[in-house]
Each structure stands twice: as C-alpha cells, then as structure tokens.
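Novice: Sharing a structure, written as structure tokens. Questions coming.
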Amino acid sequence: MKGRSRGRVCGHQVSAPLVLVLCVLAFLVGYFIPEFQQVILVTKHSIPSFSSFANQRHELLEDVTVAEHGVTGDDQLSFIPFQVLSWTPRALLFPKFASPAQCEAIISLAKTKLTPSSLALRKGETATETQDVRTSHGCFLSSRQDKTGTLAWVEEKMAKATMIPKSHGEAFNVLRYEIGQKYNSHYDVFNPAEYGPQKSQRMASFLLYLSDVEEGGETMFPFENYEHMNENYDYKECIGLKVKPKQGDALLFYSMFPNGTFDKTALHGSCPVIKGEKWVATKWIRDKEDWS
Ligand SMILES: *[C@@H]1O[C@H](CO)[C@@H](O)[C@H](O)[C@H]1NC(C)=O
C-alpha cells in the first residue's frame, strides 16, 4: 500500500503530504499576487459566457487591431449590435441600425409614390378576394432611385450584417400602415404547391422600421417556438412573439433552414396600427442571385 501515497514530480519521488503543501503554497501565491490572480481567473473561466463578452466590449475596443484582409474585405472593423429574438424562427433585432434622419429621408422619398399594396396570388385567387389581407400602401424603391444615397447605405450595411451579397436583395418595399391597417399572417416563401414552380425563394426578410408607432403595428410571429401551430390559428389574430417598431431598428428573420427547406415558424404578419402611423422598409433576400 506504500506506493499509493507516493507520486512523481519532475522525476522525483514525492509523498502525498508534500504534494498537498505544494498545492496550498501555489494557491496562496496565486491568491495574493494580482498577476497570478488573472491566471487563476482565466483558467477558471476559460470559456467566457456571451454575457461576459458583452461586458468586455470596451476592453475589446481598446486593444483590438485590424487584421490583414482580402481584396474584397474591409480595412476597418464593423460594429453592428444585435439581439437574437428567437431561434424558432431565426430572428435578429439590430437596434439603431439607421439614424432618424436616414429614416425620414426614405419616408419622404416614398411618400410621393405610394399605391395600395398588392399580394402574390395563389392559383385561382383573385385580387378582390384577398383585398382585406394586406391593407397598407407602399411602393418599390431601388437604391438607384434614391439620390441621397440612403438606401444604398442601408443595403451595404445589411449585406454586412447578413453576409449575403446585395445582388440577392429585391428592391425595397416601403410601406405605410395607417390606423387599422395590417397584414394578416403569411409566409414570405412561395410554396410551389400553392403558387406554382419558383425560380428562387425569399430566404430571409429584412425590415427597417422608419417610424415609431404609438400603439399596435407590431411585427408578429404567431408560431414562434412552435406555439399555436396545432390550434386553429386565425390569420388575423395578433399573437406570439411581437416586435414593437422603433424608428431606426431593423429586424432580420430567415424563412428557410440552412438546408433550404421552409421554416414553418417564420409565419408573420403586421398587427393593426391602433394609434399613430407605421412606416417600414422591407427587403426580401433571395436564395439565388438571379431571382427575377
Ligand atoms: C432541414 O432542416 C430542418 C431544421 O434543422 C429539419 O427539421 C429538417 O428535417 C431538414 N430537412 C431535410 C430534408 O433535411
């Protein structure tokens, strides 16, 4: 039994009590000398939690350096804060993505061009039948039509935030919802069984809120976390995860899984505006560059 209480340290035979004394000594040194304290802390938390990353952001900014980059890369860092709102569907909120002045510039450009919003019709559907589904006014605007350069700036930042090239984006659909106006829950992907064969799909949607809304007008995801899916969900009902529009905030969500199949939890709609007015710039991101 004698051999059990003896170990080897650096090739020397040492007894168990000696090992214990060495351990205590090492701990005391670490505990009282600040430099060693760091070592202990780092070892203890060698995998930092995400919240501690957030708390370290000031430290990060101080000693970070710009890395060598490729021909198409950036020579500076980008800071685009975001919050994961949900994994089912995959939805992110980018607070203060655009400035109030940029939002106002987009609104004034769109104001002169508004017409009643239309819908892609399913086989056999008519525009009259579906006129109550989407009651907003809107217009399509491409960044080329915006001489102020605001839309081009938004596109650029959006491409960085999603890492999906600008060429996958449709033109902006700028929408105005007045009191009582809404968009019943729907999918942005076009199910070929209902809409016929598709050349490409709207894999993700990006919404930039151009105005605050006093009351109502939330973007809702009624099936978030697979809830309400098995009930008889009424597509007018405003339930589930609700995102309150705030001027300058942007919402990104994916309608498709990474494997290309449709995410059923990406059903979404716009709750009716109760007080105020809602302005939003939407961009649908296609899974193919050649989407039209
Ligand atoms: C695609 O991905 C989703 C989500 O991970 C999964 O539920 C589904 O079974 C996958 N489908 C195929 C055909 O791989």
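Taken together, the values in this text are just the output of simple stated rules run on the coordinates, not laboratory data. No experiment lies behind these values; they were computed from the predicted model shown. Cβ atoms come from the backbone with ideal geometry, glycine included; neighbour counts cover every protein chain shown.
Novice: Explain nothing, just compute: Karplus ³J(HN,Hα) = 6.51 cos²θ - 1.76 cosθ + 1.60, θ = phi - 60°, for every residue of the stretch 262-273 in order, whole Hz, x for Gly and Pro.
Specialist: Rounded to whole hertz, the list is 6, 8, 5, 7, 7, 4, 7, x, 10, 5, x, 6.
Novice: Hey, got the dipole for the stretch 83-286? About the Cα centre, +1 on K and R Cβ, -1 on D and E Cβ, debye to the nearest 20?
Specialist: Dipole of the stretch 83-286, to the nearest 20 debye: 740 debye.
Novice: Next question, about the same structure. Using a Förster distance of 35 angstrom, determine the FRET efficiency expected from the C-beta separation of ALA101 and PHE257, and round it to 0.05.
Specialist: The computed FRET efficiency comes out at 0.40.
Novice: How far is it, in nm, from the label point at THR88 to the one at THR126 when both lie 7 Å from their Cα along the line to the Cβ?
Specialist: 4.1 nm
Novice: In whole Hz, with x marking every Gly and Pro, tabulate ³J(HN,Hα) for the stretch 129-139 from phi via Karplus 6.51 cos²θ - 1.76 cosθ + 1.60, θ = phi - 60°.
Specialist: 4, 9, 5, 8, 6, 9, 10, 6, 10, x, 7
Novice: Here is a follow-up. According to the square roots a ≥ b ≥ c of the eigenvalues of the Cα gyration tensor, what is the shape class of the stretch 83-286, taking rounded for a/c under 1.5, prolate for a/b larger than b/c otherwise, and oblate for the remainder?
Specialist: Rounded, because the longest to shortest axis ratio a/c is under 1.5.
Novice: Same structure again: Non-local amide H neighbours of LEU210 (under 5 Å, H modeled in plane, Pro and chain starts lacking H): which ones?
Specialist: Residues meeting the criterion, in which the H sits 1.01 Å from N, are GLY248, TRP279, VAL280, ALA281.
Novice: On to the next question. DSSP loop (so not H, G, I, E, B), at most 16 other Cβ within 10 Å: list which GluC sites (Glu not before Pro) in the stretch 154-242 pass both filters.
Specialist: GLU170, GLU178, GLU214, GLU227, GLU231, GLU237
Novice: For TYR209, what is the net charge nearby, where nearby means another residue's Cβ is under 14 Å from its Cβ and Lys, Arg count +1, Asp, Glu -1?
Specialist: Surrounding charge for TYR209 is +1.
Novice: Moving on to the next point. Taking the Cα centre as origin and putting +1 on Lys and Arg beta-carbons and -1 on Asp and Glu beta-carbons, what dipole magnitude results for the stretch 174-248, to the nearest 20 debye?
Specialist: That gives the stretch 174-248 a dipole magnitude of about 380 debye.
Novice: If you find the alpha carbon centre of the stretch 240-266 and of the stretch 126-196, how far apart are they in angstrom?
Specialist: 13 Å
Novice: Which loop trypsin sites (Lys or Arg not before Pro) in the stretch 167-247, with loop taken from DSSP, have no more than 12 other Cβ atoms within 10 angstrom of their Cβ?
Specialist: Answer by residue number: LYS199.
Novice: Here's another thing I want to ask about it. Would you mind classifying the stretch 163-270 by shape? Square roots of the alpha carbon gyration tensor eigenvalues, ordered a ≥ b ≥ c; an a/c under 1.5 is rounded, otherwise it is prolate if a/b is larger than b/c and oblate if not.
Specialist: oblate
Novice: ASP263's amide H: which non-local residues (gap 5+, or another chain) put their own amide H closer than 5 Å, with H modeled 1.01 Å from N in plane and none for Pro or chain starts?
Specialist: Here MET256, PHE257 satisfy the definition.
Novice: Let me ask another. Taking 7 Å along the Cα-to-C-beta vector as the label spot, tell me the HIS69-TYR226 distance in nanometres, rounded to one decimal.
Specialist: The two pseudo-label positions are separated by 4.1 nm.
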